[in-house]
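Engineer: Quick one: the structure is below, and I'll ask about it shortly.
Values in this text are rule-based calculations from the coordinates and carry no lab data. None of these values were measured; they are calculated from a predicted model. All Cβ positions, even for glycine, are placed from backbone atoms using ideal geometry, and neighbour counts span all protein chains on display.
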Amino acid sequence: MAMPTPRPPRNPRALLSYVPFLFKPNRGSSSPFADPIKLLKKSAETKNLRIGKLVHAHLITSTQASKTQDVFHANSLINFYAKCGDISIARQLFDQMSERNIVSWSALMAGYLHNGLALEVLVLFKQMFSVDNLRPNEYIFAIALASCSVSGRIEEGKQCHGYVLKSGLEFHQYVKNALIHMYSRCSDVEGAIWVLNTLPGYDVVSYNSVINGLVELGYLKEALEATARMASEYKAWDNVTYISLFGLSARLKDLNLGKQVHGQMLKSDLDCDVFVSSAIVDMYGKCGNILNARKVFDCLQDRNVVSWTALMAAYFQNGCFEEALNLFSVMEVEDFMPNEYTFAVLLNSSASLSALRLGDLLHARIKKSGFKGHTIVGNALIIMYSKSGNIKGANKVFSDLIFRDSVTWNAMISGYSHHGLGKEALDLFQDMLTSVVSPNYVTFIGVLSACAHLGLVQEGLYYLNHLMRKMGIEPGLEHYTCIVGLLSRAGLLDEAENFMRSTPVKWDVIAWRTLVNACHVLRNYGLGKRIAESVMLMDPHDVGTYILLSNMYAKESRWDGVVKIWKLMRERNIKKEPGVSWLEIRNITHVFVSEDNKHPESSQIYEKVGELLAKIKPLGYVPNIAAVLHDVEDEQKENYLSYHSEKLAIAYGLMKTPSEASIRVIKNLRMCDDCHSAAKLISKVTNRVIIVRDANRFHHFQDGCCSCADYW
DNA sequence: ATAGGGTTAG
């Protein structure tokens, strides 16, 4: 039994006098329990479990016997317990009643609805006629329809709709709005709009439900149309309207629309509560206007954890990861407690910086804060560990997470893929198929790239052509690009090109560059150059293509070609980003730029690089001087190679960390051939695990091998 | 006279 046996208070008057709203000195001698029904209502509204229970106790023991048998008192009690979340007590009282009316049913059903037990509402809905011979009224319909909405039961919702029409209660605005909301939430926008247009009468809630439903389902064009219609028909917008419209602007990334809505809001006399203001901050952030997001935030007199998180998210979405992280300490100084969303944004920011150390610190805070079981936090932790190069850490979080959604599975599957662990990715995909979560569009990107890693051409094509269709997922550009990678990685370059030419897809530069890169790796320079030349015509500003093309000319010792490309780049003002690598040692991030000597320990580092290269030469390391500019003497070329930023970073890591520690380096560009073969051998001679995250993927160097199997 | 209902930010 959940509730202790009620006992009468020794001196109820003394106890109750602590509560201001009960203290009525002018009312003379009347007992505080004079109007228990009002008291219960007040206790329910304020969720004051203690006072309500006192009233309950008083009703049980009061001299007027069996007050709890009275249907009004019992209904008030049911409502009170249901509102306070004690739904099982409400149910007991309900079951014990000798006589119930329609309010008894609606109070209990509303309780189940608001306590997340929507399906129980539908059970009761079916029982009320057979048990008590009662017909639903407009209240019952509103609750039942809301239960269909939250549980996504469109079939039951449609049955309710028919029943509403039969009972003639469709003219109640509450019922109509509940119907619109039900269709919206059950992804049946046509149904929602049909109700809006067919049944007479609308208010702001009707429009809010329609627009909100359209926005949530991604029907942004239709949402815009509905907004235009509302703007002409209905002017009395409320907070919810503005929040929906800011959400719409944010999803469209339409700064102009957002500004218009903002202006409209300022002109109206709507008071901008903390909900609306967070939506504005979010809108400016998502529309890329971080300055306005900041300005709005700075002007707020009312802030809460959501406003802070919205601002942090705005910085994160605009690539200002350090700023997002710095806001956290300001927020803490001002005494706002972070919640699960805050931690998710912080983890995503630290993941984008590959700041593993910071990520670990955040993880520790999350364990203490009690948010670690939240799915969005777990998802962010998996992404953080995976992007920071710690795939084992990611897997640990995944295993410990109890409630996994599709993001959880996708993050782990694509994490394995990025780390070259194709088998683990596919095994996990099999587990996902037996779980309660269904694969989606994103899942198959990870699955297909895992197939590419493993060279599983047949499986990959099966997933694309059969499994995805069977699951109702329309393949998109990303999937087709994975297939290009899959075919070309398996050495089927011609098939890959034919696939691209015969599939009616609007290919982008990334897809073509996948093919060019494959030609480069597989040394089919003829095909590679031909395709690269045509990609250059498609997009004359894609740096990656120029670099690949010049590398291929260099591999063939076609220095005239290399000169041609570099000249073209100069003419078109296309600059290769300088190579930058960095690694964290204890709390400090050390940054290395190719050929620079800005680091205070520069000379020791160069000495270490020389030492390492000397050690690996006997194991077969040959400096790949073709990777360097042609117009330099060979000896000089070898020097240039040894100054590559990832070599400097690896050398520094070896100097500064204990001999068993693994080294994690992050690089902004694709790792070069020479550094790749050097890193393999360095991992062997030093007996270290070296993990490099480059622009595309992770390389795990261990015992002379790399997880990418020399294809990247 | 009296108890019960729909939309909402990161």
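Engineer: Need one number: nm distance between label points at A:Asp95 and A:Val689, each 7 Å from Cα along Cα→Cβ, rounded to one decimal.
Structural biologist: Going from the A:Asp95 label point to the A:Val689 one covers 5.4 nm.
Engineer: Kindly identify the range A:237-335 as rounded, prolate or oblate by the Cα gyration tensor criterion: order the square roots of the eigenvalues as a ≥ b ≥ c, call it rounded if a/c is under 1.5, otherwise compare a/b with b/c, prolate if a/b is larger, else oblate. Mind showing how you got there, number by number?
Structural biologist: On the way: a/c = 2.35, a/b = 1.40, b/c = 1.68.
It comes out oblate by the Cα gyration axes.
Engineer: Regarding the range A:403-552, what's the average projected area of the Cα-atom convex hull, expressed in nm²?
Structural biologist: 9.0
Engineer: To continue, here is another question. Can you give the Kirkwood hydrodynamic radius for the range A:311-375, in Å, rounded to one decimal and based on Cα pairs?
Structural biologist: One decimal place: 11.8 Å for the Kirkwood radius.
Engineer: Something else about it: How would you rank A:442-453, A:199-210, highest first, on the average number of other Cβ atoms within 10 Å across their residues?
Structural biologist: By packing density, highest mean first, the sequence is A:442-453, A:199-210.
Engineer: Any chance you could give the angle, 0 to 90 degrees and rounded to 10, that helix A:220-233 forms with the longest Cα principal axis of chain A?
Structural biologist: 40
Engineer: Stick to Cα atoms and the Kirkwood definition of Rh, then tell me Rg/Rh for chain A.
Structural biologist: Values: Rg = 32.7 Å, Rh = 30.6 Å.
So for chain A, dividing Rg by the Kirkwood Rh gives 1.07.
Engineer: For the range A:100-234, divide the Cα radius of gyration by the Kirkwood radius and give the resulting Rg/Rh value with two decimals.
Structural biologist: 1.00
Engineer: Give the angle, between 0 and 90 degrees and rounded to the nearest 10, that separates the Cα long axis of helix A:356-369 from the longest principal axis of the Cα atoms of chain A.
Structural biologist: Approximately 20 degrees, to the nearest ten.
Engineer: Hey, another quick one. Quick one: dipole size for the range A:338-402, taken about the Cα centre, charges +1 on Lys/Arg Cβ and -1 on Asp/Glu Cβ, in debye to the nearest 20.
Structural biologist: 160
Engineer: Report the net charge of residues surrounding A:Gly378, where surrounding means a beta-carbon distance below 14 angstrom and charges are Lys +1, Arg +1, Asp -1, Glu -1.
Structural biologist: +1
Engineer: Taking 0.36 nm per residue of separation and subtracting the Cα-Cα distance, what length does fully extending A:Val509 through A:Asn573 add?
Structural biologist: Full extension of this stretch gives 21.1 nm more.
Engineer: Here's another thing I want to ask about it. What are the ³J(HN,Hα) couplings of the range A:456-470, residue after residue, when phi is run through the Karplus curve with 6.51, -1.76, 1.60 and θ = phi - 60°? Round to Hz, x for glycine and proline.
Structural biologist: 8, 5, 4, 4, x, 5, 4, 4, 5, 8, 10, 4, 4, 4, 4
Engineer: Angle check, please: helix A:645-656 long axis (alpha carbons) against the longest principal axis of chain A (alpha carbons), in degrees 0 to 90, nearest 10.
Structural biologist: Helix A:645-656 sits roughly 80 degrees off the main axis of chain A.
Engineer: Can you figure out the FRET efficiency of A:Ala34 with A:Asp132, using R₀ = 41 Å and their beta-carbon distance, to the nearest 0.05?
Structural biologist: The computed FRET efficiency comes out at 0.85.
Engineer: Report the normalised scattering of the range A:338-402 as log10 I(q)/I(0) at q = 0.13 Å⁻¹, calculated by the Debye formula with identical scatterers on the alpha carbons.
Structural biologist: -0.26
Engineer: Using 0.36 nm per residue of separation minus the Cα-Cα distance, give me the extension gain between A:Ser268 and A:Ser62 in nm, one decimal.
Structural biologist: Fully extending the segment from A:Ser268 to A:Ser62 adds 68.9 nm.
Engineer: Something else: Suppose we take every Cα in the range A:490-572 and form the convex hull; what volume per residue is that in Å³?
Structural biologist: Taking only Cα atoms, the range A:490-572 has a hull volume of 78 Å³ per residue.
Engineer: Now for a different question. For the range A:580-706, compute the orientation-averaged projected area of the C-alpha convex hull (one quarter of its surface), in nm².
Structural biologist: 7.3
Engineer: Give me the number: length gained by fully extending A:Asp335 to A:Lys470, i.e. 0.36 nm times residue separation minus the C-alpha to C-alpha distance, one decimal in nm.
Structural biologist: 43.4 nm
Engineer: Collect residues whose amide H, placed 1.01 Å from N in the peptide plane, falls under 5 Å from the amide H of A:His699; neighbours closer than 5 in sequence don't count.
Structural biologist: Those lying under 5 Å, H to H, from A:His699 are A:Val692, A:Arg693, A:Asp694.
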